Amino acid sequence: IEATVSHLISVVSNTAIHKWYDGVTDVPTKVMFDFVCKAVGGELATSDETSDCRWVPKENALDLITLPAIRMRYKAYLNFNGSVNYMEYVTATTSECNVKLQRNV
């Protein structure tokens, strides 16, 4: 889809190297930026990174998010109060993340 970017809501840092789902490949540390965006064109479609896509009301999205780190990031979006959220976490396993630091800046 084509989108316009509205504003930054979170800066998120995973500060530990962990194994990918294959159990072999190292996933490096990373910094991610989450923005509020608005769809303005194009067609919603799957990609190499997705097997399914659909439009859902934002209050129902958590019902579909199973990965803890992604749930944490989406909750920050739902709780956005105008200040940017900073989160630092470590991926412990594919089903667990440990938050080291969280604050609004």
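The values are calculated or read from the model by the stated rules, or taken from the named source; none is laboratory data. Model, not experiment: these values are computed from the prediction. Positions of Cβ are backbone-derived with ideal geometry, glycine not excepted, and every protein chain shown enters the neighbour counts. Please note that ligands, DNA and RNA were not included when accessible areas were found on the heavy atoms of the full protein model with its side chains. Shrake-Rupley method; radii C 1.70, N 1.55, O 1.52, S 1.80 Å.
Worth a mention:
- Sum of side-chain charges, T91 neighbourhood, beta-carbon under 11 Å (Lys, Arg +1; Asp, Glu -1): +1
- Rounded to 5, percent antiparallel among DSSP beta bridges of the chain: 80
- Extension gain, K58 to N81: 0.36 nm times the residue separation minus the Cα-Cα distance gives 6.7 nm.
- Taking trypsin sites (Lys or Arg not before Pro) across the range 1-101, the ones in a DSSP loop with at most 10 further Cβ atoms lying within 10 angstrom of their Cβ are R54.
- Estimated from the Cβ-Cβ distance and a Förster radius of 22 angstrom, the FRET efficiency linking V24 and S51 is about 0.55.
- Near K75: Cβ cut-off under 14 Å, other residues only, Lys/Arg at +1 and Asp/Glu at -1. The net charge is 0.
- Lysine-lysine proximity count for the chain, Cα under 20 Å, sequence distance 8 or more or distinct chains: 8
- Loop-located GluC sites (Glu not before Pro) in the range 1-87 (DSSP state other than H, G, I, E, B) with a sparse environment of at most 15 neighbouring Cβ atoms within 10 Å: E43, E49.
- At most 11 other Cβ within 10 Å, DSSP loop - chymotrypsin sites (Phe, Trp or Tyr not before Pro), the range 23-105: W55
- On the principal axes of its alpha-carbon atoms, the chain has extents of 37, 34, 23 Å, going from largest to smallest.
- Order of exposure, largest accessible area first, which applies to S10, S95 with probe 1.4 Å: S95, S10
- Solvent-accessible surface (1.4 angstrom probe) belonging to V5, in square angstrom, nearest 10: 100
- Rolling a 1.4 Å probe over the protein chains gives S51 an accessible area of about 120 Å².
- Rounded percent of accessible protein surface that carbon and sulfur make up, the chain, 1.4 Å probe: 53
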